[in-house]
1. Which is farthest toward the positive dipole end of segment 19-115 among 87, 114, 71, measuring Cα position about the Cα centre, with Cβ charges +1 (Lys, Arg) and -1 (Asp, Glu)?
2. Counting other beta carbons within 10 Å of each Cβ, put 78, 73 in order, fewest first.
3. How fast does segment 19-115 diffuse by Stokes-Einstein, in µm²/s, taking the Kirkwood radius from C-alpha pairs at 20 °C and 1.002 mPa s?
4. Using θ = phi - 60° and the Karplus relation 6.51 cos²θ - 1.76 cosθ + 1.60, list the HN-Hα couplings for segment 69-76 in order, rounded to whole Hz, with x at every Gly or Pro.
5. Return the long-range amide H neighbours of residue 82 (sequence gap of 5 or more, or a different chain), with a cut-off of under 5 Å between placed amide H atoms.
6. At 7 Å along Cα-to-Cβ for each site, give me the label-to-label distance between residue 59 and residue 80 in nm.
7. Going by how many other beta carbons lie within 10 Å of each one, how would you line up 55, 90, fewest first?
Amino acid sequence: MHIDSNLGIDTFDLSEKSYARTMLLSAGVLFEIFLAIACNSDGKYKFKSLFSNRWLNYSVLLVLGLQLFVVYTPFMQTIFKLAPLSFGSWVYCLIYASSSFLVYPIVNGIQKLLKK
């Protein structure tokens, strides 16, 4: 990975903190959160319908809180070998994760084509 190699870190050495590993974990968590919200909305992306499920909202807040706890708490950084992310890195993770809103409509479209 270029991110870690520029810093002199071997990404595959699990004994060192890795910025790339942290970005991958964070982007994956955000992708799954957005996918859960997208699947809950039945493809109708109105702001009100995206957040209509109270329990899903609570779980999203819990997962985001745990993610921030793991990424920014030194004790957890040591256990998981993660590095704190900058604001710009979070923006990249959010851009990647927002692509999950495309998954549900694409799957529905393919299912409709296969039913014909």
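1. Of 87, 114, 71, it is 114.
2. 78, 73
3. Diffusion coefficient, whole number: 146 µm²/s.
4. Once rounded to whole Hz, the list reads 4, 5, 6, 10, 8, x, 4, 6.
5. Here 18 satisfy the definition.
6. 1.9 nm
7. 55, 90
Only the coordinates and a few stated rules stand behind these numbers; no lab work does. In this text the structure is predicted, and so the values were computed from the model without any measurement. Counting neighbours? That spans all protein chains shown, and the Cβs are built from the backbone with ideal geometry, glycine included.
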